[in-house]
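One structure is given here, and the rest of the page talks about it.
Any read-out appearing in this document is the output of simple, stated calculations on the displayed coordinates, not a laboratory observation. The shown structure was predicted, so the numbers you read here are calculated from the model rather than taken from an experiment. Note: ideal-geometry Cβ built from the backbone for every residue, glycine included; neighbour counts use all protein chains shown.
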Amino acid sequence: VQNHVLKTEHHLVPGQRLTPDLAVRRLDPAAVEARTAWRDGELIFRSQPLAAVVADFNRYSADRVALGDGSLGQLRVSGVFRYDGAEAFVLSMQSVFGLSVTRTGPRAWRLDRAIAPAAEPVPAAPEV
């Protein structure tokens with residue numbers, strides 16, 4: 001990789017990456033697997049913000065996932081998902097985080113905070 005502005009050159013070998021500060025960093029094998037899993041139809045996440053996970057689904061899949069509430073994007077997600085399985089993904093987010101899932105189109109879903117059910121009134125104590 002050549003940087004013509006700083007007149008530097010970096011030679012990378014498999015398993016390395018160049019960061020924005022021009023430092024060469026070695027990727028651990030798990031990171032390499034996670035970054036290349038899309039070739040096998042999978043997306044691998046390790047404690048990634050839900051916003052980044054949704055962006056990856058939308059990048060690699062014909063399905064679309066949206067967050068109805070931007071604050072949901074801060075939830076941390078770990079797991080292995082098929083990028084052609086957005087419906088299974090949103091249903092797992094419903095199960096794990098208690099989110100509501102709305103189908104917004106033939107291949108589109110929206111995740112929202114679930115509305116808490118109204119608390120049932122506490123019955124009055126019997127008079128004695």
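With the charge dipole of the range 51-122 set up from +1 on Lys and Arg Cβ and -1 on Asp and Glu Cβ about the Cα centre, the Cα lying farthest toward the positive end among the listed residues 109, 90, 61 is that of 61. What net charge is computed for the residues neighbouring residue 101, neighbours being all others with C-beta under 9 Å from the C-beta of residue 101, Lys and Arg scored +1, Asp and Glu -1? Net charge around residue 101: 0.
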